[in-house]
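Visitor: Here's a structure for you.
Read the figures in this text as sums done on the coordinates, not as results from a lab. None of the values given here were measured: they were computed from a predicted structure. As a convention, Cβ positions derive from the backbone with ideal geometry for all residues, glycine included, and neighbour counts pool all protein chains shown.
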């Protein structure tokens, strides 16, 4: 199987590593070509202009789900013209009382070529099939909701 990697770099800018006195801001490099500035979520003191790990997790799930959905639609002969999603990660305490991403909501909106339509039940079924086959969703287990629009 594949080994897929990123590079992460953080550098302390404060004189010492002391609670509440250092920045979590860091850079993540994808394929040595793309750099993303990352920080803690704003509620945890992070820069709201940077992405955060929770958003990155939601983006990974949304992207994987879409690619799986498109592969299934291509196989079924469904001419998808566009796909849009609004993915939202929810933070809270898990069953162990630990802070975690307790749920990620996907809200995909799919448009087909003019003249093609599919019944809402079939579209819902295809979205749920995509969820079953998505690598990231399989990693996250049961913490994903798909709200088909």
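Visitor: Find the centroid of the Cα atoms in region 50-84 and in region 1-23, then give the distance between the two in whole Å.
Guide: The distance from the Cα centre of region 50-84 to that of region 1-23 comes to 29 Å.
Visitor: Okay, next question. List 30, 83 from most exposed to least, where exposure is judged by having the fewest other Cβ atoms within 10 Å.
Guide: 30, 83
Visitor: Would you kindly state how much longer the chain becomes between residue 98 and residue 82 on full extension, computed as 0.36 nm times their sequence separation minus their alpha carbon distance, in nm to one decimal?
Guide: The span from residue 98 to residue 82 would gain 2.0 nm if fully extended.
Visitor: Moving to a separate point now. What ranking do 51, 102 get, fewest neighbouring Cβ atoms within 10 angstrom at the top?
Guide: Placing the least packed residue first, the sequence is 102, 51.
Visitor: Among 29, 128, what is the fewest-to-most ranking by other Cβ atoms within 10 Å?
Guide: Ascending number of Cβ neighbours within 10 Å: 128, 29.
Visitor: Quick check: the angle from helix 120-133's long axis to the longest principal axis of the chain, C-alpha only, nearest 10 degrees?
Guide: Compared with the principal axis, the helix lies near 50 degrees.
Visitor: While we're here: Could you run the Debye sum over the Cα atoms of region 1-131, one equal point scatterer each and no solvent, and tell me log10 of I(q)/I(0) at q = 0.13, 0.19 Å⁻¹, two decimals?
Guide: Log-scaled intensity ratios, in q order: -0.75, -1.16.
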